[in-house]
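Written out below as structure tokens is the structure these notes cover.
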Amino acid sequence: RRSPTLLAQSTPIQVGDFEVLHSVVITKYYDMAEKTLDQAHLADRDNDEVAHAYVFYKRWVHLVCDVIPKHNSYRDPRYQIHKASVQGQMRTVNVALEQLIMRMDVVAEEHAQKHAEKRAAHEERPKLQREDLRAAEAAAAVAAAAE
């Protein structure tokens with residue numbers, strides 16, 4: 001265990017949104033990755049949370065591919081079980097992320113279609129109002145001529 005003065009002197013390496021603090025036990029990073037993956041799975045189950053699921057999956061990928069490998073203890077044999085566990089999850093997460101992206105594309109397309117329909121209806125409304133006004137004016141002109 002390091003002394004508090006050595007902890008204060010440890011230099012973090014900046015990696016994306018996370019700093020790798022070599023003074024923090026690598027298992028904390030693996031725990032963070034596991035919790036992030038749990039959050040991704042929870043958000044993925046709820047179709048209204050696809051954007052959140054995407055963020056959590058991408059965060060997990062960033063942690064296990066960019067952050068954890070930068071830690072000094074990454075190659076330490078004591079932590080290889082964690083490394084193997086994460087590597088075993090890679091394919092599953094990749095498939096989940098690909099499926100999520102396809103679902104997000106469908107949702108985006110549906111949203112764009114609804115927006116286009118609303119816009120078309122909104123643009124059609126003044127045209128219909130003008131036609132109704134012309135018909136009313138014509139009816140009034142016919143009624144005035146009949147008098």
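The values are calculated or read from the model by the stated rules, or taken from the named source; none is laboratory data. In this text the structure is predicted, and so the values were computed from the model without any measurement. So basically every Cβ, Gly included, is an ideal-geometry build from the backbone, and we count neighbours across all protein chains shown. Keep in mind that these areas ignore ligands, DNA and RNA; they rest on the heavy atoms of the full protein, side chains included. Shrake-Rupley method; radii C 1.70, N 1.55, O 1.52, S 1.80 Å.
Some points to look at:
- Some residue of the range 103-126 being within 30 Å of Ile26 (Cα to Cα), surrounded by 14 or more Cβ atoms within 10 Å (Cβ to Cβ) and touching a helix residue (DSSP H, G or I) at 6+ places or on another chain (Cβ under 9 Å): no
- Residue in the range 79-94 that is at pLDDT 90 or above, open to solvent by 70 Å² or more (accessible area, probe 1.4 Å) and among the hydrophobic types (A, V, I, L, M, F, W, C) present: yes
Yes/no matrix, rows are residues, columns are (1) modelled with pLDDT under 95; (2) within 25 Å of Leu97 (Cα to Cα); (3) open to solvent by 70 Å² or more (accessible area, probe 1.4 Å):
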| site | (1), (2), (3) |
| --- | --- |
| Pro12 | yes, no, no |
| Phe18 | yes, yes, no |
| Lys35 | no, yes, yes |
| Ala43 | yes, yes, no |
| Asp48 | yes, yes, yes |
| Tyr54 | yes, yes, yes |
| His71 | no, no, no |
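- Condition met for Val67 (surrounded by 11 or more Cβ atoms within 10 Å (Cβ to Cβ), out of contact with any Cys (no Cβ under 8 Å at 6 or more places or on another chain) and at pLDDT below 95): yes
- Val61 vs. criteria open to solvent by less than 60 Å² (accessible area, probe 1.4 Å), in contact (Cβ under 8 Å) with a residue 40 or more places away in the chain and of a type in the set (Val, Ile, Thr): no
Yes or no, residue by residue, for (1) touching a residue at least 40 places away in the same chain (Cβ under 8 Å); (2) of a type outside the set (A, V, I, L, M, F, W, C); (3) under 23 Å from Tyr30 (Cα atoms):
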{"position": "Tyr54", "(1), (2), (3)": "yes, yes, yes"}
{"position": "Asp66", "(1), (2), (3)": "yes, yes, yes"}
{"position": "Gln80", "(1), (2), (3)": "no, yes, yes"}
{"position": "Val86", "(1), (2), (3)": "yes, no, yes"}
{"position": "Leu128", "(1), (2), (3)": "no, no, no"}
{"position": "Arg134", "(1), (2), (3)": "no, yes, no"}
{"position": "Ala146", "(1), (2), (3)": "no, no, no"}
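- In the range 21-61, the residues that are part of a helix (DSSP H, G or I) and farther than 30 Å from Asp76 by Cα: Leu42, Ala43, Asp44, Arg45, Asn47, Asp48, Glu49, Val50, Ala51, His52, Ala53, Tyr54
- Qualifying residue in the range 68-88 (condition: in contact with a Phe, Trp or Tyr (Cβ under 6 Å, 6 or more places away or on another chain), of a type in the set (A, V, I, L, M, F, W, C) and in a helix (DSSP H, G or I)): yes
- Scanning the range 128-147 for residues that are open to solvent by less than 70 Å² (accessible area, probe 1.4 Å) and under 52 Å from the mean Cα position of the chain (by Cα) turns up just one, Ala135.
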